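Bear in mind these aren't lab numbers, they're just calculated from the coordinates by the rules spelled out. Keep in mind that this is a model prediction, so the values were computed, not measured. As a convention, Cβ positions derive from the backbone with ideal geometry for all residues, glycine included, and neighbour counts pool all protein chains shown.
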Amino acid sequence: MFESLSDRLQTVFQKLGSKGKLTEDDVREAMKQVRLALLEADVNFKVVKDFVAKVTEQAIGEEVTKSLTPHQQVVKIVHQELINLLGTDNVPLQESRPGPTVIMLVGLQGTGKTTLSAKLALHLRKKGRRVLLAACDIYRPAAITQLESLGKQLGITVYSEPNSKHPPEIATRAVELAKKELYNVVIVDTAGRLQIDEPLMKELEDIDACVQPIERLLVVDAMTGQEAVRVAETFNQRVKVTGLVMTKMDGDARGGAALSVRSVTGVPIKFISSGEKIDLNTLEAFHPDRLASRILG
Ligand code: GDP
C-alpha cells in the first residue's frame, strides 16, 4: 500500500530539490502535483484541499524559501501535516477498572472482524490479560466455527451459544461469565452485513446498551477506498465509535481510506492489521509518525 503515492511524492520533492533556491511559484507548482498525487491515491477531496492549503501556507513563508535547504523544509512540513492528518499520536486502548474491559468490534462483513478478534486477543494476552472471545455473529454460518477454531488453535476461550438467535443476550452472558471467572477482557465479535442496513445497526445499538463496551472499534478494510469513509461515518452516527482498526494494510490499494478516515470522522486509528496470518506481527498499534515516514519513503 502507498507505493504509488510514495513514488509520486518522491518525484515531486526530487524536482524541488534540484532547484536550489525556491520561488513561491516553485512551491505552488509542487503543491499542485502533491494535490494530484493525493487525489489519485483516492484521498477524500475535502481532506486533500485542506491538507494542500495548510502545507502551502507554511511552505511559501520566507523561512522556507530563503532558507539554505528549502526543499528539505517543504518535506518536513508535508511530513508534519501527514502526521496531523493521521492523528498526531498513538491513542491506546482504554481499559475498565474494575474489569472486565468490554471491546465490541463492528464493521461490514469481510472487513476482517473475526480475524481481528483473534489478533487482538493475542495482543492483549501478551500484555498479561485473560481474554474471552464472544461469538455474536450468528448470521454467517461459518463465523462461530471460525472463531471457535481460532480460539482452540490459540488457546483462547470462546463463548458461544449455537442455538441462540439473540446476540445482545449472548454478549450479556459472555460478560457475566467473564465477571464470574475473572477474565480481564471480553472481545465481542458482532455480525457484519455486505451493506449497512437498519436491522444490523439496531442490533449493534442493542448489544451496546446491554454490555456497555468501553471500546467500540470499527474495523475498516483499507482496500475499499472512499466507500470505507462513508461507512465509517454511518457507523459512527449509530454506535459512537471509539477507535478505528484499518485492516488489509498489506494489500495494494492506493491508501486513500487510511489517509482520510481519521480526518473525516475525528475517530483515532488505534491499530493496523496487515496480513491474514494470525500472529503478533500482523497487528500493530497505530503510530501516525511511522506511517507518515513510510509514505514519504
Ligand atoms: P469478517 O467477515 O469481518 O469477520 O472478516 P474475516 O475476519 O472473516 O476476514 C475476511 C477475509 O479477509 C479473510 O479471508 C481474512 O483472512 C482476510 N483478512 C483479514 N484481515 C486481513 C489483513 O489484515 N490482510 C489481508 N490480506 N487479509 C485479511
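Over 20 Å, how big is the tail of the calculated P(r) for the range 1-73, in percent of all Cα pairs? Across the range 1-73, Cα pairs with separations above 20 Å total 28 percent.
When the chain is described by a simple charge dipole with +1 on each Lys and Arg Cβ and -1 on each Asp and Glu Cβ, the residue from A59, L36, L93 located farthest towards its positive end is L93.
State whether the range 1-40 is rounded, prolate or oblate according to the following rule on the C-alpha gyration tensor (a ≥ b ≥ c being the square roots of its eigenvalues): a/c under 1.5 gives rounded; otherwise a/b larger than b/c gives prolate, and the remaining case gives oblate.
Oblate, since a/c reaches 1.5 and b/c is not below a/b.
Along Cα→Cβ, 7 Å out, is where each label goes; now give me the distance between the ones at N90 and A209 in nm to one decimal. Calculated label separation equals 3.7 nm. Starting from one equal scatterer on each C-alpha and no solvent at all, send me the Debye-based log10 I(q)/I(0) for the range 130-192 at q = 0.13 Å⁻¹, two decimals. At q = 0.13 Å⁻¹ the computed log10 ratios are -0.29. For K119, the aspartates and glutamates whose Cα comes closer than 14 Å to its Cα, not counting residues fewer than 8 places off in the same chain, are E148, D189, E276, D279, E284. Over the range 170-257, with a single point scatterer placed on each C-alpha, what log10 of the ratio I(q)/I(0) does the Debye formula yield at q = 0.12, 0.13, 0.20 1/Å? Taking Cα atoms of the range 170-257 as identical point scatterers yields -0.43, -0.50, -0.98.
Shape summary: the range 195-238 maps onto an equivalent ellipsoid whose semi-axes, from the alpha-carbon gyration tensor, are 21, 12, 7 Å in decreasing order. The value obtained for the range 220-297, namely the Cα convex hull volume divided by the number of residues, is 96 Å³ per residue. Ordering 274-282, 86-94 by mean Cβ neighbour count within 10 Å, with the highest value first, yields 86-94, 274-282. Each label point was placed 7 Å from the Cα along the Cα-to-Cβ direction; for D50 and K202 their separation is 3.4 nm.
Histogrammed with a bin width of 5 Å, the alpha carbon distances of the chain distribute as 1, 6, 12, 15, 16, 13, 10, 8, 6, 5, 4, 2, 1, 0, 0 percent, first bin at zero.
Restricting the trypsin sites (Lys or Arg not before Pro) of the range 16-103 to loop positions (DSSP other than H, G, I, E, B) with no more than 12 neighbouring Cβ atoms within 10 Å leaves K19, K21, K66.
State the Cα centre-to-centre distance between the range 211-242 and the range 1-66 in whole Å. Using only Cα atoms, the two centres lie 30 Å from each other.
Averaged over residues, the count of other Cβ atoms within 10 Å places the peptides 126-134, 234-242 in the sequence 126-134, 234-242, highest first.
The gain in end-to-end length when the Q80 to L280 segment is fully stretched comes to 69.1 nm, 0.36 nm per residue minus the alpha carbon separation. Estimated translational diffusion coefficient (Stokes-Einstein, Kirkwood radius over Cα pairs, 37 °C, 0.692 mPa s) of the range 37-127: 192 µm² per second. Cross-linked pairs K32/K270; K127/K270; K113/K240; K46/K202: Cα-Cα separations exceed 22 Å for K32/K270; K46/K202.
Counting beta carbons within 10 Å around each of I60, I196 and listing the fewest first gives the order I196, I60. Per residue, the average separation of C-alpha pairs within less than 8 Å and at least 6 apart gives the range 142-259 a relative contact order of 21 percent. Expressed in units of 2.2 N^0.38 Å, where N is the residue count, the Cα radius of gyration of the range 35-88 is 1.18. Cα-based values for the range 106-242, radius of gyration first and Dmax second, are 14.2, 43 Å.
For the peptides 8-16, 169-177, residues were scored by their other Cβ atoms within 10 Å and the scores averaged per peptide; the highest-first order is 169-177, 8-16.
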